[in-house]
1. Going by how many other beta carbons lie within 10 Å of each one, how would you line up Glu307, Glu113, fewest first?
2. For the stretch 172-234, what Kirkwood radius comes out of the mean inverse Cα-Cα distance, in Å?
3. Could you calculate the FRET efficiency of Asn315 with Val180 from 1/(1 + (r/R0)^6), where r is the beta carbon distance between them and R0 is 25 Å, rounded to 0.05?
4. In what sequence do Lys21, Lys84 fall when counting other Cβ within 10 Å, fewest first?
5. Rank Gly144, Val313, Phe114 by how far each Cα sits towards the positive end of the charge dipole of the chain (+1 on Lys, Arg Cβ; -1 on Asp, Glu Cβ) and give me just the farthest.
6. Spelling out what I want: for every residue of the stretch 32-49, take phi, set θ = phi - 60°, compute 6.51 cos²θ - 1.76 cosθ + 1.60 (Karplus), and round to whole Hz; glycine and proline get x.
7. Multiply the residue separation of Asn59 and Glu229 by 0.36 nm, subtract the distance between their alpha-carbon atoms, and state the gained length in nm to one decimal.
8. From the phi angles alone, apply the Karplus equation (6.51, -1.76, 1.60; θ = phi - 60°) to the stretch 172-186 and give each ³J(HN,Hα) in whole Hz, x where the residue is Gly or Pro.
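Just so it is clear, none of the values below were taken in a lab; they were calculated from the coordinates. Just so you know, these numbers come straight off a predicted model, no measurement behind them. Please note: Cβ atoms are built from the backbone with ideal geometry, for glycine as well, and neighbour counts cover all protein chains shown.
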Amino acid sequence: MEEVNEELALTTLPGVGPATKQKLNDAGIYTILDLATASPTDIAEAVDIDTSKAVELNNKARKKLVEMGKLEPDFISASDLLEKRKAIDRVSTGSRNLDDLLGGGIETWAMTEFYGEFGSGKSQICHTLCCTVQMPRGEGGLDGGAIYIDTEGTFRPERVAEIARARGLDAQEVLKRITVARAYNSAHQELIVKDMGRMIEPNGVKIVLLDSAVAHYRAEFLGRGTLAERQQRLNRFMHQLLRTAEVYNVAVVVTNQVQAAPDTFFGDPSRPTGGHVVAHTSTYRLYLRKSGRNRIARMVDSPYHPERDAVFVLNEKGVDDPTEESPRKRSSS
Ligand code: GTP
Ligand code: MG
């Protein structure tokens, strides 16, 4: 596994010799990008050094990336930031209504969360985005690949193929550009995300789909005694994911199920699981619900988006707009 881009090799950092490099590799850190996005706690654990040394290593990696122009410096003028933000791209969800709600589609350099009850369309949105991201620029896509992290075993290549064909794409070619990672437990899910950096650039990945973010944590950390530990692990994980979105300028989409029964961790059944951890890390959050054959999305907690509903449907194209002019519901403005 020596195919790492020379420029980004860990050993180009002063103080990183072959032994340290090996230890970092063992922890899934292969490049300076990985090192910059890893948390100092993880680095300290991997190399068996104290946290202050790990922070130093992490800072060195970030500084190098700033010099290379791959990361913005700690202090940046607002006008430079505006210039940098012009690199943000958008991926169509497949529904114009939903895209409008999102201000033009799913943003790169950000994390978008879809939460809702079972059957509300979270997984179907992810399946559709695997296809739409591959469409040419100007047609809703970014001519990019996708990484699909499947925690519930619900990814179906057959369904992706159907959606691709319905959208006039070559199904075989579309499937080739989707990298699937089946995460069997929360630790495995964390490892996959740590390891993901090296998949992004070589495969031209423009979107990372995590379906779902919290299911493993919910299942594994039962009982109130371990709730704090769960939230801490989840917090660290979500931040790593967000850093990935920022460093690689990719779109990150996570799904989150709403508890149907109000009897487990959180009292209010309309709150997503994972509570405020996922909510605080997500850049944009959309709440999905079923309404007959339609699905209704609402942007939650965003000062930049109108507080209104977008209606979409699920059909052979995956996510789509309703055909017969079902009224686009507007509640308050
Ligand atoms: P959970 O993962 O259980 O929380 O649900 P989810 O929000 O991921 O729901 P999902 O995206 O799996 O949506 C399920 C719904 O999508 C079904 O009720 C169907 O309405 C629709 N759907 C799923 N597969 C197909 C398909 O192949 N064709 C069509 N037309 N609709 C489908
Ligand atoms: Mg699902």
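1. Lowest count first: Glu307, Glu113.
2. Averaging 1/r across every pair of different Cα atoms and inverting gives 13.5 Å.
3. Efficiency computed from Cβ-Cβ geometry: 0.60.
4. Exposure proxy ranking, most exposed first: Lys84, Lys21.
5. Final value for the positive-end residue is Val313.
6. Along the stretch 32-49, the couplings run 5, 4, 4, 5, 5, 8, 6, 7, x, 4, 5, 5, 4, 5, 5, 9, 6, 10 Hz.
7. 58.6 nm
8. Each residue of the stretch 172-186 in turn: 4, 5, 4, 5, 5, 9, 10, 9, 9, 10, 8, 9, 8, 7, 5 Hz.
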